[in-house]
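The values are calculated or read from the model by the stated rules, or taken from the named source; none is laboratory data. What you see is a predicted model, and the numbers here were worked out from it, not measured in a lab. Reconstructed Cβ throughout: ideal geometry from the backbone, glycine too, with neighbour counts over all protein chains shown.
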Amino acid sequence: MDRLTSTALLPESFQGTRDDITEQMGMVWQQIKNPVMVPVLRLAVFLCLVMSVMLVVEKAYMAVVVVLVKLFGRRPEKRYRWEPMRDDLELGSSAYPMVLVQIPMYNEKEVYQLSIGAACGISWPSDRIIIQVLDDSTDPVIKDLVEAECRRWASKGVNIKYEIRGNRSGYKAGALKEGMKHSYVKHCDYVAIFDADFQPEPDFLCRTVPFLLHNPDVGLVQARWKFVNSDECLMARMQEMSLDYHFTVEQEVGSSTYAFFGFNGTAGVWRIAALNEAGGWNDRTTVEDMDLAVRASLKGWRFVFLGDLKVDDSCGDRSLHLLVFWILFENVMSLHRTKATLIGLLEAGRVNEWVVTEKLGDTVKAKMAVKAARKPRISLTDTWNLSSTRLHLLELWTGAYLFICGCYDVAFGKNHYFLYLFLQAIAFFVVGFGYVGTFVSSS
């Protein structure tokens with residue numbers, strides 16, 4: 001048998017010198033580009049167009065629903081039975097249902113007093129409410145401070161429980177799940193959940209509990225919330241705009257049409273029976289609040305959103321001048337949502353956590369001023385660790401790819417797509433280099 005050669009295995013048009021690899025690779029690309037790559041790209045473009053049409057239809061539908069709700073005044077008080085809580089001379093405080101207030105914490109040195117104080121200041125009979133502080137702090141000094149604050153309120157007659165556990169399994173969801181196992185929870189009808197940086201108004205329960213009390217099919221009442229320090233950094237402003245749309249449109253439409261929406265994880269009151277029937281908190285999912293909402297909805301429970309009940313924060317300006325930046329920022333965050341979805345589905349690991357704004361109020365500026373006055377010396381090791389912490393390679397690679405696409409459009413394009421591509425690339429670079437949030441060092 002004749003000895004096989006490389007020329008015998010390739011088409012005649014591919015034959016050439018064995019060393020001319022670059023030329024042969026170019027010929028291979030020309031051969032497969034039209035029959036393989038073009039159909040794949042056309043299919044991808046078609047799928048993107050279909051999804052874009054779906055998004056446009058969804059946005060238009062939600063806009064129509066919001067307008068109708070505003071025009072016809074379809075407030076929750078009109079769609080559900082609601083009566084204000086009244087004192088009963090015969091029943092006394094027993095006319096009020098038993099409510100558990102859960103406050104999960106993790107090294108919340110700057111805000112623990114505010115959150116605990118706000119929860120203890122809720123207007124509700126003292127013998128019909130239990131404040132449960134779930135402290136997962138790893139700093140023993142902070143744990144002592146939180147425990148001392150709980151003892152201080154307990155000495156004033158507040159029914160407050162300080163609970164800790166031996167590990168942080170499941171993080172926030174694990175803490176909430178563990179908190180529901182205590183014996184005194186069995187006497188409670190509803191559970192209100194507030195993150196450590198939330199300070200509810202005194203009338204919070206008086207405005208939410210009646211929906212649960214008079215509507216036995218309602219499992220959740222969700223209030224609106226915002227960032228406290230929306231002016232702290234650019235990312236906080238972007239997130240504020242996203243949340244304004246989320247609450248004003250998405251949550252309102254879900255509540256008005258299907259009585260379903262995603263639980264926001266805080267500033268909400270659950271019927272404990274609904275929570276238990278849904279299987280309780282699942283500490284193995286990335287988005288435990290949405291997971292619980294879906295499971296409760298599948299059991300037939302309805303949700304109510306109160307758009308006029310705001311917890312802890314005041315309204316910012318309309319931020320119309322940030323609309324362009326918001327669009328670019330949302331495109332960057334879609335990459336994080338995709339990554340979070342894949343990590344959550346595969347349970348491959350934890351999603352990177354962004355510090356949008358520190359829970360410190362004006363103390364952030366004070367601490368920055370103190371640090372600036374001290375002017376500490378930073379070693380090369382510290383500089384390297386800081387750089388590696390701030391850099392996000394996936395965003396940098398995406399930004400570089402978009403920048404190259406923009407350069408290609410400048411050289412060969414005719415539709416000026418580079419204007420958008422360069423702006424979007426800059427947005428990815430800003431996020432990739434870690435200049436959108438408040439950076440918190442580990443020291």
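Miscellaneous remarks
- Some residue of segment 121-142 being in a strand (DSSP E or B) and in contact (Cβ under 8 Å) with a residue 60 or more places away in the chain: yes
- Restricting attention to segment 231-287, the residues that are closer than 30 Å to F72 by Cβ, modelled with pLDDT under 80, touching a helix residue (DSSP H, G or I) at 6+ places or on another chain (Cβ under 8 Å) and not hydrophobic (A, V, I, L, M, F, W, C) total 1.
Yes/no per residue for (1) of a type outside the set (K, R); (2) under 29 Å from F211 (Cα atoms); (3) not in a helix (DSSP H, G or I):
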site	(1), (2), (3)
M54	yes, no, no
V64	yes, yes, no
V67	yes, yes, no
K70	no, yes, no
W82	yes, yes, yes
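- Residue selection: V28 fails the criterion of being part of a helix (DSSP H, G or I) and either at pLDDT 80 or above or touching a Ser or Thr at 6+ places or on another chain (Cβ under 9 Å) (or both).
- Scan of segment 72-128 for residues that are closer than 22 Å to E149 by Cβ and among the polar types (S, T, N, Q), ordered by number: Q102, N107, Q113, S115, S123, S126
- Residue count for segment 392-409 satisfying the condition of being buried (at least 17 other Cβ atoms within 10 Å of the Cβ) and under 14 Å from G434 (Cα atoms): 3.
- Candidates are the residues of segment 423-442 that are aromatic (F, W, Y) and surrounded by fewer than 17 Cβ atoms within 10 Å (Cβ to Cβ); the one that is modelled with the highest pLDDT is F433.
- Tally, over segment 251-288, of residues that are outside any loop (DSSP other than H, G, I, E, B) and either over 14 Å from A173 (Cβ atoms) or not acidic (D, E) (or both): 17
- Taken together, the criteria place Y171 among residues that are of a type in the set (F, W, Y) and at pLDDT below 90.
- Flag for E58 being charged (D, E, K, R), within 30 Å of D189 (Cα to Cα) and either crowded, with 17+ Cβ neighbours inside 10 Å or out of contact with any strand residue (DSSP E or B) (no Cβ under 6 Å at 6 or more places or on another chain) (or both): no
- The one condition from (1) buried (at least 20 other Cβ atoms within 10 Å of the Cβ); (2) within 26 Å of the chain's Cα centre (by Cα) that I129 does not meet is (2).
- Test for D87: is it within 19 Å of R168 (Cβ to Cβ) and charged (D, E, K, R): no
- Put simply, of V332, V356, V311 the only residue that is surrounded by 15 or more Cβ atoms within 10 Å (Cβ to Cβ), in contact with a helix residue (DSSP H, G or I) (Cβ under 9 Å, 6 or more places away or on another chain), at pLDDT below 90 and assigned by TED's automatic domain parsing to the domain that holds Q222 is V311.
- Y80 passes every criterion in (1) in the same structural domain as A196 (by TED's automatic domain parsing); (2) in contact (Cβ under 8 Å) with a residue 40 or more places away in the chain apart from (1).
- Residue match in segment 216-228 (condition: of a type in the set (V, I, T), in contact with a helix residue (DSSP H, G or I) (Cβ under 7 Å, 6 or more places away or on another chain) and modelled with pLDDT of 85 or more): yes
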